[in-house]
Amino acid sequence: MFTRTVHLADEAETIRFGEDLARAVRPGDLIALSGDLGAGKSTFARALIRAVADDEFLEVPSPTFTLVQSYALRIPIAHFDLYRIAEAAELDELGLDEALEDGICLVEWPERAAESLPPSRLTLRFLHEGAGRRVEIEGPEELGARVGRTLDIRAFLARSGLATARRRHLTGDASIRAYEHIYADGQRLVLMDSPRHTPGPILADGKYYQQIAHIAEDVRPFVAIAAHLGARGFAAPSVYHRDLDRGILLIEDLGQDGVLDDEGRPIPERYLEAASVLAALHDQPVQEAIPVGDGSDYRIPDFDHDAMQIEVSLLTDWYLPWRTGAPASAGLRADYRSIWSDLVATLAGAEKNLLLRDFHSPNIIWRPQAEGIGRVGIIDFQDAMIGPTAYDVASLVQDARVDMPKDLAGRMLDHYLALRQASGSFDRDAFLAAWHIMAAQRNCKLVGIWVRLMQRDGKPAYMKHMPRTLDNLRTALEHPRLAPLRDWCGKAGILSDES
């Protein structure tokens, strides 16, 4: 059981406490608010609701007479007041269970129906304490861990001189990372909440998936690579404050404009400039060890055979069983692994440099106020490796989240190739062969990731990218060097019309 006591000096701190817990709640959470009249329950509830709505002037009436007030927000919220209910059975009529299915519930006077409330609730007891109040927090470990995390972030902000900063949701991604906007002193910053990865099951050589695939396990790689890119003239966010142990960073806000228009279509000028960024990056010498800023260096890992193999195995581990309804046979797996071992071996002589890994629309910020390659802001590069330069070009040209017109894809690739050829010796044919291999490798990984996100992580929305990813794989397989993999895909039924 999680327990903690928080001391709130005044109403302003109570409001910030509500904003902090708004960053911790998830659909299905119930927060029971206990305390005497005037103890701060309604102030807290109003602050939490307004924070989720991102509207500090949202009208939040007391549910004293209506018994429940509902808010259709990013996370739906139902605010209950049980003071006037006669018996716990009335909760069924008020729709508590239904509200918890896809939202959160704030319940004042929970004592009126304590035995009918879910036992896994978070309880906040508000008690008068001098001119302020004391809040005793109690709840299950999983929910408590989220509460503890958001309170740790508030403490981090206080240590950074931003104790009174306003926090608002920004975004999450397919990993455990989350981001929020921080408003303080007339400026807007970004807070990265990236707790250390929990080790997964051992897969090979005493290592788990993140270690084999070289997935960043803490924020040290982000800090080091951000400084490294900035020193080389690229628009990566500056890191203003950091807690490396807890995985909390306060970084520069590069803006919110992206490379897509309002209807989700690619903006050619911005994609072409992003290709220019890759050409400029690949024209610079590679540096494997870079300083973190705490006296230590971070060595950027190689995109080696094992990393490529563990990624493409997501196709046989997740996609094929979903596609066929049965696990992939041992023979099919062995053939697939052998084909990829041969393909990886052909990359031994490929041009290599810093590989950002996820250089595509979600991670590219358009900065119209800047000039040249500075107009392209780069984020989400903590998983960077040293590998074939063709990989990031494939990631951009075959943006997995965008319906990319073929003519624009061709223009981007031609633009990149022209810039590289103009800068000096560059083997166009070798690069294009590596491009097709890297495009195939990335798409074989992605088809498995989409299924894994749906089945393991409860995130089915990513499956909308599956048809596009399969089309991109077909394009990648057009090169003669990919003939063995193309034949294997045909045998496995991966690229049939109904897939």
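Rolling a 1.4 angstrom probe over the protein heavy atoms, how many square angstrom per residue are accessible across region 267-375? Let's see the in-between values first.
Values: 4610 Å² over 109 residues.
Result: 42 Å² per residue.
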Checklist entry - If you project the alpha carbons of the chain onto their three principal axes, what span does each projection cover, largest first, in Å? => result 77, 51, 45
Checklist entry - Sorted by accessible area with a 1.4 angstrom probe, largest first, how do His305, His214, His7, His181 fall? => result His7, His305, His214, His181
Item to check | Spacing of the two label points (7 Å from each Cα toward its C-beta) at Ala430 and Lys491, in nm | outcome: 3.1 nm
Checklist entry - Between Arg232 and His305, how many nm apart are label points set 7 Å from Cα along the C-beta direction? => result 2.7 nm
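Name the longest site-free stretch of the chain, where the excluded sites are GluC sites (Glu not before Pro) in a DSSP loop with no more than 13 other beta-carbon atoms within 10 Å. Walk me through the numbers before you get to the answer.
Working: sites that count: Glu56, Glu59, Glu87, Glu263, Glu288, Glu371, Glu478, Glu498.
Result, exposed sites excluded: 88-262.
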Checklist entry - Mind checking the log10 I(q)/I(0) for region 36-145 at q = 0.14, 0.19, 0.22 Å⁻¹? Debye, one equal scatterer per Cα, no solvent, two decimals. => result -0.59, -1.12, -1.46
Next on the checklist: Counting just the Cα atoms, what span does region 338-452 cover along each of its three principal axes? Round to the nearest Å and put the largest first.
Outcome noted: 49, 41, 30
Checklist outcome for this item: Semi-axes of region 142-264 from the Cα gyration tensor (sqrt of 5 times each eigenvalue, largest first, whole Å) come to 26, 20, 16
Checklist outcome for this item: So the pair-distance distribution of region 233-375, from every Cα-Cα distance in 5 Å bins, comes to percents of 2, 7, 11, 14, 14, 14, 15, 12, 8, 3, 0, 0
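Summarise the accessible area of region 144-239 (1.4 Å probe, protein heavy atoms) by the percent that is carbon and sulfur.
On the way: 2060 of 3890 Å².
That fraction is 53 percent.
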Item to check | Carbon/sulfur fraction of accessible area - region 403-499, other protein chains in place, 1.4 Å, % | outcome: 51 percent
Item to check | Gain upon complete extension [Ser341, Arg481; 0.36 nm per residue less C-alpha separation] | outcome: 49.1 nm
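Helix-only mean residue ellipticity at 222 nm, the chain, DSSP H runs n ≥ 4 weighted -39,500 (n - 2.57), per residue, nearest 500. What is it?
Details: 16 runs with 194 residues, N = 499.
Using -39500 (n - 2.57) per qualifying helix, the result is -12000 deg cm²/dmol.
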Checklist entry - If the cut-off is a Cα-Cα distance under 30 Å, which lysines reach Lys352, setting aside same-chain residues fewer than 8 apart in sequence? => result Lys207, Lys406, Lys445
Checklist entry - region 427-499 to region 179-234: how many Å between their Cα centroids? => result 26 Å
Item to check | Accessible-area composition of region 3-104, carbon plus sulfur, in percent [1.4 Å probe] | outcome: 47 percent
Checklist entry - When ligands, DNA and RNA are left out and all protein chains stay put, how many square angstrom of accessible area per residue does region 42-96 have with a 1.4 Å probe? => result 51 Å²
Checklist outcome for this item: The size of the Cβ-based charge dipole (Lys, Arg +1; Asp, Glu -1) of the chain about the Cα centre, to the nearest 20 debye, is 860 debye
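The values are calculated or read from the model by the stated rules, or taken from the named source; none is laboratory data. In this text the structure is predicted, and so the values were computed from the model without any measurement. Cβ: placed from backbone, ideal geometry, glycine included. Neighbour counts: every protein chain shown. Calculation scope for accessible area: heavy atoms of the full protein, side chains included, ligands and nucleic acids excluded. Shrake-Rupley method; radii C 1.70, N 1.55, O 1.52, S 1.80 Å.
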